[in-house]
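Colleague: The structure under discussion is supplied below as structure tokens; questions concerning it will follow.
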Amino acid sequence: MEVTVHPYGKYDNQEVQAYTLKNDHGLSVTCIDYGCIITEILAPDRNGAQENVVLGFDSLDGYLADQTYQGTIVGRIAGRIRGGEFELNGKTYSLDKNEKPNHIHGGVKGFSKVVWDSTIIKKENHVGVEFKYVSMDGEGGYPGTIEMTVTYSLNNENELSISAVGVPDADTILNITNHAYFNLSGNMKNDVLDHELTINSSKFLELDQEFLPTGELLDVTGTVFDFREGRKIADGPNSADEQIAIVGQGYDHPFLLDEKLVTLYDEASGRLLKVETNQPAVVVYSSNTMKGFKMRDGSARPYFGVCLETQAPPDAIHHPNFPSTIVKKGGEYNWETKYTFLVK
Ligand code: G6D
């Protein structure tokens, strides 16, 4: 296994480096210290052909201009916060309203839009990169200074483990996710409509016209949101379900996990992605309205990739019935998700 480092550009007068992690079985992961972005994952298909399975751009400029969070670590809060404000300990905090009138994905200078410090990791049974960033009190409008550490680690079992630790110096809220757009067809030769998604989830969150949770938990039974036995992603866009229509004719919904395991399978290539997490939910986003810009593998188009954003539910601070995103002063936030790349 090896780690290689190469220059990737400059942002805000800071050097941006790219790190490529390679194992002994044809799996490689490239990430950069701007936004901890995963820019490429080369994974073998059932015949051993190594192809890229994540959407992205072929230069830093593409990522700097990107408004769709391609490959990023999103935070402090992944998802939307209604009205761009919340109350904590009797005080109201006003956040960037970067999707007026609401806040989305950590705001103007969220975790996905800053350069992190990095240290490469070379161990006998894994290689990786440790990213660090100190989010100062008041950044984006959030309380407390948080010392963030995000670690990517690749081993010879074809497991890419991502962990995030946040240590705040004051009570705050924190709920990160990884916003990679997966497409297992290989070099984006197809869209993801034929991918089979399996999620052991009996409830998903109803969304309103602003894509924010209403607070209602809906039963998946008998709907195109029932992924318990596996379902083609196409079933959503082909459905007349009003929740599908409300988010642009696809999925953009948080699912509460009964089992913290999600699998994505592309029969044509044989690639199977297993996602295991310590998070209570996963937001499935089928890139419903993604269009109008160039990407590495062609023009962006709806259903070109699917995001499996493991996290606590969006806007949890406004829903006492959701898992909490409050982290107390002196506490420690821990987020873990492991991606295993298999074939069958
Ligand atoms: C759209 O609603 C979706 C979000 O879920 C996604 O994260 C974003 O695009 C990139 O706003």
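Taken together, the values in this text are just the output of simple stated rules run on the coordinates, not laboratory data. The model shown is predicted, which means the values in this text are computed figures rather than measured ones. Neighbour counts run over all protein chains shown; Cβ positions are idealised from the backbone, glycine included.
Colleague: Assuming a ≥ b ≥ c are the square roots of the Cα gyration tensor eigenvalues, decide whether region 3-69 counts as rounded (a/c under 1.5), prolate (otherwise, with a/b larger than b/c) or oblate.
Modeller: oblate
Colleague: Take the Cα atoms of region 262-344, find their three principal axes, and give me the spread along each one in whole Å, biggest first.
Modeller: Largest to smallest, the principal-axis extents are 46, 34, 23 Å.
Colleague: For region 145-185, what class follows from the C-alpha gyration tensor (a ≥ b ≥ c being the square roots of its eigenvalues): rounded when a/c is under 1.5, otherwise prolate if a/b is larger than b/c, else oblate?
Modeller: oblate
Colleague: Over region 1-46, what is the mean sequence separation of C-alpha contacts under 8 Å (at least six apart), divided by residue count, expressed as relative contact order in percent?
Modeller: 28
Colleague: How big is the Kirkwood radius of the chain, worked out from every pair of different alpha carbons and given in Å to one decimal?
Modeller: By the Kirkwood definition, the hydrodynamic radius is 20.1 Å.
Colleague: While we're here: So, by mean Cβ neighbours within 10 angstrom, what's the order for 33-44, 49-60 with the highest one leading?
Modeller: Going from most to least packed, we get 33-44, 49-60.
Colleague: Only Cα pairs under 8 Å and at least 6 apart count here; give the relative contact order of region 161-304 as a rounded whole percent.
Modeller: About 24 percent, as a whole number.
Colleague: Please work out the C-alpha center-to-center distance from region 97-118 to region 227-281 and express it in whole Å.
Modeller: 25
Colleague: Please rank Thr340, Thr72, Thr92, fewest neighbouring Cβ atoms within 10 Å first, as an exposure proxy.
Modeller: So the residues, fewest neighbours to most, are Thr92, Thr340, Thr72.
Colleague: Additional query: Helix-only mean residue ellipticity at 222 nm, the chain, DSSP H runs n ≥ 4 weighted -39,500 (n - 2.57), per residue, nearest 500. What is it?
Modeller: -500 deg cm²/dmol
Colleague: Over the chain, what is the relative contact order in percent, taking alpha-carbon pairs closer than 8 angstrom and at least six residues apart?
Modeller: Averaging sequence separation for qualifying contacts and normalising by length gives 18 percent for the chain.
Colleague: Going by average Cβ neighbours within 10 Å, how do the peptides 249-257, 122-130, 185-193 rank, with the highest at the top?
Modeller: Ranking, from highest mean packing down: 249-257, 185-193, 122-130.
Colleague: Classify region 1-126 as rounded, prolate or oblate, taking a ≥ b ≥ c as the square roots of the eigenvalues of its Cα gyration tensor: rounded when a/c is under 1.5, otherwise prolate if a/b is larger than b/c and oblate if not.
Modeller: prolate
Colleague: A follow-up question, please. Amide H to amide H, which residues 5 or more places from Val54 or on other chains are under 5 Å from it, using H placed in the peptide plane?
Modeller: Placed amide hydrogens put Ile41, Asn183 under 5 Å from Val54.
Colleague: Expressed as cubic angstrom per residue, what is the convex hull volume of the alpha carbon set of region 130-244?
Modeller: Dividing the Cα hull volume of region 130-244 by its residue count gives 178 Å³.
Colleague: For a quick protection proxy, order the peptides 286-292, 210-216 by their average other-Cβ count within 10 Å, most packed first.
Modeller: Descending mean neighbour count gives 286-292, 210-216.
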